[in-house]
Amino acid sequence: VFHGRILARRVVGQETRYEVEVKARYRQRSPLVSREYLWVPDTCGCPPLRDGGEYLLMARRHVNHEHTLNRILLRGDGYARPWTPREARLVREAARHC
């Protein structure tokens, strides 16, 4: 779970790749760097993340069996909400209890 700002969007094959500035990390099972690529497994732009927008994102690290692919994947069951101070406070509180 992290707070990110969308820097760019690009369709690559049958997927959408977002370049994201990681602004805050709330729950972290795998390390994140200050800029990451967030992959969405379709080209429809769902969820709709706009350039310059800030979002609270819950995505998963995806590593294939051959370990040749290591990326952050926002699947259909992922979480992408516009970031607000209230959302950030709620996530910080939840992270302390989980």
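The values are calculated or read from the model by the stated rules, or taken from the named source; none is laboratory data. Because the structure is a prediction, the values reported are computed rather than measured. Cβ coordinates were reconstructed from backbone atoms using ideal geometry, including for glycine residues, and neighbour counts include every protein chain displayed. The protein model used for the area step is the full one, side chains on, heavy atoms only, and it has no ligands, DNA or RNA in it. Shrake-Rupley method; radii C 1.70, N 1.55, O 1.52, S 1.80 Å.
Restricted to segment 41-53, and to residues that are among the small types (Gly, Ala, Ser) and under 20 Å from Glu87 (Cα atoms), which residue is least open to solvent (accessible area, probe 1.4 Å)? Quick ask: steps written out before the conclusion?
So the first thing to find is which residues in segment 41-53 are among the small types (Gly, Ala, Ser), and the list is 45, 52-53.
So of that shortlist, the ones also under 20 Å from Glu87 (Cα atoms) come out as 52-53.
Values: Gly52: 41, Gly53: 1 Å².
Among residues in segment 41-53 that are among the small types (Gly, Ala, Ser) and under 20 Å from Glu87 (Cα atoms), the one least open to solvent (accessible area, probe 1.4 Å) is Gly53.
Has segment 16-28 got any residue that is open to solvent by 40 Å² or more (accessible area, probe 1.4 Å), touching a Ser or Thr at 6+ places or on another chain (Cβ under 8 Å), under 11 Å from Leu74 (Cβ atoms) and not basic (Lys, Arg)?
no
Exactly one condition in (1) of a type in the set (Val, Ile, Thr); (2) assigned to a strand (DSSP E or B); (3) open to solvent by 40 Å² or more (accessible area, probe 1.4 Å); (4) closer than 24 Å to Ala88 by Cα is not met by Val11; state its number.
Here Val11 clears every test but (4).
Quick one: count up the residues across segment 55-69 that are over 19 Å from Arg10 (Cβ atoms) and either of a type in the set (Lys, Arg) or not in a loop (DSSP other than H, G, I, E, B) (or both). It would help to see each step written out before you state the result.
First, pick out the residues of segment 55-69 that are over 19 Å from Arg10 (Cβ atoms): 56, 58, 60-61, 63-68.
Still in the list and also either of a type in the set (Lys, Arg) or not in a loop (DSSP other than H, G, I, E, B) (or both): 56, 58, 60-61, 63.
Selection size over segment 55-69: 5.
Would you say Leu38 is open to solvent by less than 40 Å² (accessible area, probe 1.4 Å) and part of a loop (DSSP other than H, G, I, E, B)?
No: the conditions fail for Leu38.
Just name the residue that is farthest from Tyr18 (Cα to Cα) out of those in segment 54-98 that are open to solvent by less than 90 Å² (accessible area, probe 1.4 Å) and of a type in the set (Lys, Arg).
Looking at the filtered set, the residue picked out is Arg61.
Would a scan of segment 78-90 turn up a residue that is hydrophobic (A, V, I, L, M, F, W, C) and either touching an Asp or Glu at 6+ places or on another chain (Cβ under 7 Å) or modelled with pLDDT under 80 (or both)? Explain how you work it out, then say what you get.
Taking segment 78-90 as the starting set, the residues that turn out to be hydrophobic (A, V, I, L, M, F, W, C) are 80, 83, 88, 90.
Now drop any that are not either touching an Asp or Glu at 6+ places or on another chain (Cβ under 7 Å) or modelled with pLDDT under 80 (or both), which leaves 83.
Looking for residues that are hydrophobic (A, V, I, L, M, F, W, C) and either touching an Asp or Glu at 6+ places or on another chain (Cβ under 7 Å) or modelled with pLDDT under 80 (or both), one finds at least one in segment 78-90, hence yes.
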